[in-house]
1. Please find the FRET efficiency linking S219 to K401, where r is the Cβ-Cβ separation and R0 is fixed at 56 Å, and quote it to the nearest 0.05.
2. Order these peptides, 325-332, 262-269, by their mean beta-carbon neighbour count within 10 angstrom, highest first.
3. Just want to confirm a number: the relative contact order over segment 222-346, from Cα pairs under 8 angstrom separated by 6+ residues, in percent.
4. Once you sort the root eigenvalues of the Cα gyration tensor of segment 1-73 as a ≥ b ≥ c, which label holds: rounded (a/c under 1.5), prolate (a/b larger than b/c) or oblate (the other case)?
5. How far apart, in nm, are two points set 7 Å out from the Cα along the Cα-to-Cβ line at I392 and at A236?
6. Quick check: convex hull of the Cα atoms in segment 62-196, volume per residue, rounded to a whole Å³?
7. Quote the relative contact order of segment 1-128 in percent (integer), defining contacts as alpha-carbon pairs under 8 Å separated by 6+ residues.
8. Going by amide H atoms built from the backbone, whose H comes under 5 Å of the H on M527, apart from near neighbours?
Amino acid sequence: MAPIMFATLVVLLLLGYPVAFALAANGLIFGLIGIELGLFRPDLFQALPERVYGTMNNDVLLAVPFFTFMGLVLERSGMAEDLLDTIGQLFGTIRGGLAYAVIFVGALLAATTGVVAASVISMGLISLPIMLRYGYDRRLASGIIAASGTLAQIIPPSLVLIVMADQLGRSVGDMYEGAFLPGLLLSGLYAVYVFLVSMIWPKAAPGLPLEAIGYREPSGARGIWNLGVLAVFSGAVAYGVMAQTDVKAGADFVVLMMSVGVTVAFMTAVFNRFLGSRHLVANLAVTAVMVAAYLGLKSGGYGTLSLLAEALAAGALYAAVAAVLERTTGLRLISNMAEQVTFVMVPPLALIFLVLGTIFIGLATPTEGGAMGAVGAMLLAATKKRLSMDLIRQATYSTAKLASFVLFILIGARVFSLTFYGVNGHVWVEELMVSLPGGQMGFLIAVSVMVFLLAFFLDFFELAFIIIPLLAPAADRLGIDLVWFGVILAVNMQTSFMHPPFGFSLFFLRSVAPKDPYVDRVTGKTMEPVQTSQIYWGAVPFVVIQLVMVALVIAFPQMVMHYKSSAVKMDQKQIEEQFKGLGNDLDDAPMPLDFK
């Protein structure tokens, strides 16, 4: 009966019935058939209300509306527009510079929004017309925007990772840590592809013309080296600060070090903008106060305040040195470009630390991190003077729709799984998967191929709620780490957004890409529209890159397994010391019982 149930579900989905109702109807109908045939116990249906209420009371899934709301508010606050403009100017005349900017901004948006639709639509509206204006190949431009938007699938705080952790019964924090490095590596593979295309076909990804470059110095120089010096200094200070802490794990160390470096660069830019060489005496006085505060806090031993004071003092000191050099020699250490990049990048990076940093160090749960992120997004929108009741109303409405969509699919999946498990369908799937030749590797390859093919017809929520609960027991039985398994599937399920003909990322881009000839507002030239076939063909290389990433995660599991190094380690000696005063030592024989 289990294979027939699964085959019927596939048919219902292919006929176009809504997933939630197809799942629930399938479970109820086959449950009644099973009762008539004596294959299903009727009293199992009594557990249905409890399963539904259990779904609604799931605290982990509360993070979904929080992160969705955060992403929608940020998307409407203009953060993506500012980032794309500034980072595009930063890459300037470099071949493929705008494409690199889209990848960079896509990764930042993924780490702050976690919503694919918001990322793709934002970058499609803002960067696609600019890329077309300067002669980018339409397939490359479309593919890079659609692919960079899907980074929100794998880079925390991804919604799919929350659902994946819930279905696998693992910590969301562990899933976030495990997926962090693969997400960054995938962004790097996109950039490598753009580099190869720009080298082989230079006309497909040209650099910006000189007249389009802004943020110049009075002398006409761009001041890029100033930004490099500031980045190296901030990174060195951040590494020195982190070396004094107990945090040594991969993702934790990277996120916290990045947050310290951002603090140093931001303080440098603030002191330079408001004091600088114009108020040299005030700048030196403030620097002296910062350094004295750091030395005073350090004398009491290193703590959170002393480490923060070290970062602030370093930023003030760099700004003071820059001010002295500018006043005495005319040499600028902090250019307009360095200031602009710092001020534009600090808000999203600060939000990344607020959300991911607090989750990684164990200060907040993912749900609490999402709540802080939602508040932080509203504060960022308020600082840009774009926070309004209309914006909040739109974001709340869209969040409610997506959250309801997820909840209904999950309830339908619960009804389906109740009947499927009742007829021992999970045993059938587990035995089928475990008996595959090749052991762990054979299982992972077979599952990866199956998920890739199913992703042509199902999106990631449907895959997560239907397929993952069936595959997880088999993976666990084969000794596969479920966090590693979840990241492999998450990278694979990214392809559900990208491959034709049902890729949602392609639909999002198609909705904002020009469908008819239009007049460019800057050059005044008539531009050709972007054809649907160009969007589809542009996505194909990035689907291949995502499959390469799946193979890399399978081949190098330590890329994910580093999350275990940040787990709490129990000291057996300390445990024994705590129990010594309570009676017998742990190694002693138990005292005989006296019943007299």
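1. 0.60
2. Order by mean packing, descending: 262-269, 325-332.
3. Answer for segment 222-346 is 38 percent.
4. oblate
5. Rounded to a tenth, the inter-label distance reads 4.6 nm.
6. Cα-based convex hull of segment 62-196, divided per residue, equals 95 Å³.
7. Relative CO of segment 1-128 lands at 20 percent.
8. Amide H neighbours of M527, under 5 Å, 5+ apart: Y518, V519, D520.
The values are calculated or read from the model by the stated rules, or taken from the named source; none is laboratory data. This one's a predicted model, so the numbers in the text were calculated from it and none came from an experiment. Cβ: placed from backbone, ideal geometry, glycine included. Neighbour counts: every protein chain shown. Ligands, DNA and RNA are excluded from the accessible area calculation, which covers all protein heavy atoms including side chains. Shrake-Rupley method; radii C 1.70, N 1.55, O 1.52, S 1.80 Å.
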